[in-house]
């Protein structure tokens, strides 16, 4: 997202999604216009719905009001084609931080209209003022917007994370920073990805909570394509304190620590790679480095294959 107002819109939508038990994932910035994905799962963990969101934040988006809807303009041919042919159902969400109004509309061939009665070059969408983002009726409608087969939903989810996987494969670094309120059954906390592609560092927020579930069980579900390891620099001071407590003895006469057990290096190798720093028994803070696991590596190989034109006809037996 380009500025703080737009980021505020993404965060606001994430909070609303969390309250309605949707998982919300901010997406890497591109020039087409998908800011986040939103997923609802069954109690069994199976995917129930997966949506792509274009989020526009700011009072300026609400200036053109007509009857009982807001006009969302400046849609070009590329965006129209991208949204209407996307394998995921797409919606636009408009958020006004001045009064907290948050409304939405589907992005389909039925809702996106051409300007000048069909003769213009651009497109627009009528966003109903009464269509509040994720109130009871909207929530029900979005669930029924489309219901993809489970294998398609799973593939689309991995596809939504493809850019992160590509960055890691190209030598970039992605870290997961999270704070978990360990004594709260609400699962309240904060989670973000810190993405360094070698050119710039971007942060992607995941502003939702995970009630009754330890975060160490949540992370692999959020990023099933990744292995997790502790950021050694982040944990060094905390690790060293633990090491001295269990494997060292302080010699007061010589004013030095004596190793009576494992070396610091050996001690760290035995620690849980998904560990956290405990802050006063209230908050667990994680800083984990993501790497590609077998699923991530295999997905990139499969995606590369299915994205290329394959000469199947050349492999067929030629008739005489």
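The values are calculated or read from the model by the stated rules, or taken from the named source; none is laboratory data. None of these values were measured; they are calculated from a predicted model. Glycine also receives a Cβ, built like all others from the backbone with ideal geometry; neighbour counts cover every protein chain displayed.
Suppose the filter is in a strand (DSSP E or B) and either under 19 Å from residue 26 (Cβ atoms) or in the same structural domain as residue 220 (by TED's automatic domain parsing) (or both); does residue 178 pass it?
Values: in a strand (DSSP E or B): yes; either under 19 Å from residue 26 (Cβ atoms) or in the same structural domain as residue 220 (by TED's automatic domain parsing) (or both): yes.
Yes.
Does segment 48-63 contain any residue that is modelled with pLDDT under 85 and under 26 Å from residue 149 (Cβ atoms)?
Residues of segment 48-63 that are modelled with pLDDT under 85, as a first pass: 48.
If we keep only those that are under 26 Å from residue 149 (Cβ atoms) too, we end up with 48.
Yes, segment 48-63 contains a residue that is modelled with pLDDT under 85 and under 26 Å from residue 149 (Cβ atoms).
Run down 5, 84 and say which single residue is closer than 18 Å to residue 142 by Cβ and either at pLDDT below 90 or assigned to a loop (DSSP other than H, G, I, E, B) (or both).
Details: 5 fails: closer than 18 Å to residue 142 by Cβ.
Exactly one of 5, 84 is closer than 18 Å to residue 142 by Cβ and either at pLDDT below 90 or assigned to a loop (DSSP other than H, G, I, E, B) (or both), namely 84.
If you scan segment 98-111, which residues turn out to be over 19 Å from residue 63 (Cα atoms) and either part of a helix (DSSP H, G or I) or free of Cβ contacts under 8 Å to residues at least 40 places away in the same chain (or both)? Before the answer, list the steps.
Going through segment 98-111, the residues over 19 Å from residue 63 (Cα atoms) turn out to be 106-111.
Across segment 98-111, the qualifying residues are 106, 108, 109, 110, 111.
Taking residue 95, is it within 13 Å of residue 54 (Cβ to Cβ) and assigned to a helix (DSSP H, G or I)? Can you show your working first?
Values: within 13 Å of residue 54 (Cβ to Cβ): yes; assigned to a helix (DSSP H, G or I): no.
Taking the combined requirement at face value, the residue does not satisfy it.
Counting only residues that are modelled with pLDDT of 95 or more, give me the strands (runs of 3 or more DSSP E) lying completely in segment 214-296 with at least 1 of them.
226-230, 277-279, 283-292
Here is a check on your reading of the model: is residue 208 at pLDDT below 90, surrounded by 15 or more Cβ atoms within 10 Å (Cβ to Cβ) and assigned to a strand (DSSP E or B)?
So residue 208 fails the test.
Being touching a residue at least 12 places away in the same chain (Cβ under 8 Å) and surrounded by fewer than 13 Cβ atoms within 10 Å (Cβ to Cβ) is the filter here; which residues of segment 242-257 pass it?
246
I need a count of the residues in segment 24-47 that are modelled with pLDDT under 80 and surrounded by 10 or more Cβ atoms within 10 Å (Cβ to Cβ).
8
Go through segment 168-184 and give me each residue that's closer than 14 Å to residue 278 by Cβ and touching a strand residue (DSSP E or B) at 6+ places or on another chain (Cβ under 6 Å).
Filtering segment 168-184 down to residues closer than 14 Å to residue 278 by Cβ leaves 178-183.
Result: 178, 179, 180, 181, 182.
Which residues, counting only those in segment 167-177, are surrounded by fewer than 16 Cβ atoms within 10 Å (Cβ to Cβ) and either closer than 20 Å to residue 307 by Cα or modelled with pLDDT under 95 (or both)? Steps first, answer last, please.
Going residue by residue through segment 167-177, those that are surrounded by fewer than 16 Cβ atoms within 10 Å (Cβ to Cβ) are 169-172.
Selection gives 169, 170.
What residue, of 302, 260, is surrounded by fewer than 11 Cβ atoms within 10 Å (Cβ to Cβ) and without any contact (Cβ under 8 Å) to a residue 40 or more places away in the chain? Steps first, please.
Working: 302 fails: surrounded by fewer than 11 Cβ atoms within 10 Å (Cβ to Cβ).
None of the others qualify; the one that does is 260.
Taking the conditions exactly as written (more than 16 Å from residue 138 (Cβ to Cβ), in contact with a strand residue (DSSP E or B) (Cβ under 9 Å, 6 or more places away or on another chain) and part of a strand (DSSP E or B)), does residue 55 satisfy them or not?
On the way: more than 16 Å from residue 138 (Cβ to Cβ): no; in contact with a strand residue (DSSP E or B) (Cβ under 9 Å, 6 or more places away or on another chain): yes; part of a strand (DSSP E or B): yes.
Here the answer is no, as residue 55 does not meet what is asked.
Name the residue, out of 144, 160, that is closer than 13 Å to residue 39 by Cβ and at pLDDT below 90. Give the steps one after another, and end with the answer.
Working: 144 fails: closer than 13 Å to residue 39 by Cβ.
That would be 160, the only listed residue that is closer than 13 Å to residue 39 by Cβ and at pLDDT below 90.
Could you please let me know if residue 123 is farther than 19 Å from residue 40 by Cα, in contact (Cβ under 8 Å) with a residue 12 or more places away in the chain, buried (at least 19 other Cβ atoms within 10 Å of the Cβ) and more than 28 Å from the chain's Cα centre (by Cα)?
yes
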